[in-house]
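Accompanying notes for the structure given below.
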Amino acid sequence: MTSSNLSQRLPIFAAIVLTLLAELSVIADEQPAVSDQSVRLAESATPGAQARAKGAKVPGPPALESQDPRVLFITAPDCDQCFRELIKLRRPGGDFDAMRSRGWRIGSGDHNHVQVVERDAVSELIKEANIREFPAVVCISEGKVVRGFTSGCTTPLDSWTLGWLFNGKNERPAGFVSEPARVEATGSYRLRGNHWSVDGDWNPARSVVLTHLRSPSHGYQVAVNYRLETWSYEELRSLHDDLHEQELANSPFVRSPSASGADNYSAGRKLMGR
């Protein structure tokens, strides 16, 4: 085999290895979820479950309840970026392992704090939230997207980002290394990848973000020298996110985002063991 033939085949070999690793990671991560499903099916066939279905009070383990809020990691078929991100998160001793050691539940079931799910399984949510890019990593509460992550905005997709998505509170230690920006930017404002919805709209048009920033909701917070009409879309979103969090922090009538969470633990306590 000549060196030129070898160089041509290396990308093919690399793609095959990446696909095999991704499939192995998916199988390993989803094994607990399969066990959960098997447990549910087995329990539904027991006399105790049948008695409970008829209204009788029978002692037994509580049913697995849907977690609210929870983070959805939504994948799509043939999505190389989905595989790459999951491989990174699932690596031995990596983010998922660290989170599980602090009490996080991660898997395919809706009882998990982080639910890894395929696009077709949440098609209604995708349509309603106008989700177009994958992987889509969002936090849902009461069936609505309340926070989400956008890649390429300098914020890495890691345990700290998943923590922010879960409780809306930035607990990332200072001094972290930002990723290179891969989205349009004018240099007018610092980018961030962790976004709040805008009036319930997770994927608002640029005109909607501009109008919202100029509205009474945030207009008084916007500096007079900000020429918002010249800013990029992601810069406008980043400004809105910062103003929204500032408003939450200063309002005595708004419950802290970290006050709601699974098992009465904030994301930071789970990650840091507190």
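The values are calculated or read from the model by the stated rules, or taken from the named source; none is laboratory data. Note that the coordinates shown come from a computational prediction; the quantities given were computed from them, not determined experimentally. All Cβ positions, glycine included, derive from the backbone under ideal geometry; neighbour counts span all protein chains shown. We work out accessible area using only protein heavy atoms, side chains counted, and drop any ligands, DNA or RNA first. Shrake-Rupley method; radii C 1.70, N 1.55, O 1.52, S 1.80 Å.
As a rough guide to protection, the peptides 153-165, 197-209 ranked by mean Cβ packing within 10 Å, highest first, stand as 153-165, 197-209. Using every pair of distinct Cα positions in the stretch 95-235, the Kirkwood expression returns a hydrodynamic radius of 16.7 angstrom. Near Ser188, once Lys and Arg are set to +1 and Asp and Glu to -1 for all other residues with Cβ below 10 Å from its Cβ, the sum equals +1. Each label was represented as a point 7 Å from its Cα along the Cα-to-Cβ direction; for Asn170 and Glu142 these points are 2.7 nm apart.
How would the stretch 183-236 be classified by its alpha-carbon gyration tensor: rounded, prolate or oblate, with rounded meaning a/c under 1.5 and the a/b versus b/c comparison settling the rest? Write down the numbers at each step before the final one.
Details: a/c = 1.66, a/b = 1.03, b/c = 1.61.
Cα axes put the stretch 183-236 in the oblate bin.
Multiplying the residue separation of Ala181 and Ala205 by 0.36 nm and removing their Cα-Cα distance gives an extension gain of 6.6 nm.
The distance between label points at Glu229 and Gln81 comes to 3.1 nm (points 7 Å beyond Cα on the Cα→Cβ vector). Once you reduce the stretch 188-203 and the stretch 80-127 to the center of their Cα atoms, the two points are 22 Å from each other. Asp158 sits among other residues whose Cβ lies under 13 Å from its own Cβ, and their net charge, with Lys and Arg +1 and Asp and Glu -1, is -1. Lys88 sits with roughly 70 Å² accessible to a 1.4 Å probe, with DNA, RNA and ligands left out of the calculation. In a DSSP loop and with at most 16 other Cβ atoms within 10 Å, the GluC sites (Glu not before Pro) in the stretch 114-159 are Glu133, Glu142. Treating each Cα of the stretch 89-131 as an identical point scatterer and summing with the Debye formula, the log10 of I(q)/I(0) at q = 0.14, 0.19, 0.20, 0.32 Å⁻¹ comes to -0.42, -0.66, -0.70, -1.05. Length gained on full extension, Gln246 to Ala63, computed as 0.36 nm times the residue gap minus the Cα-Cα distance: 62.0 nm.
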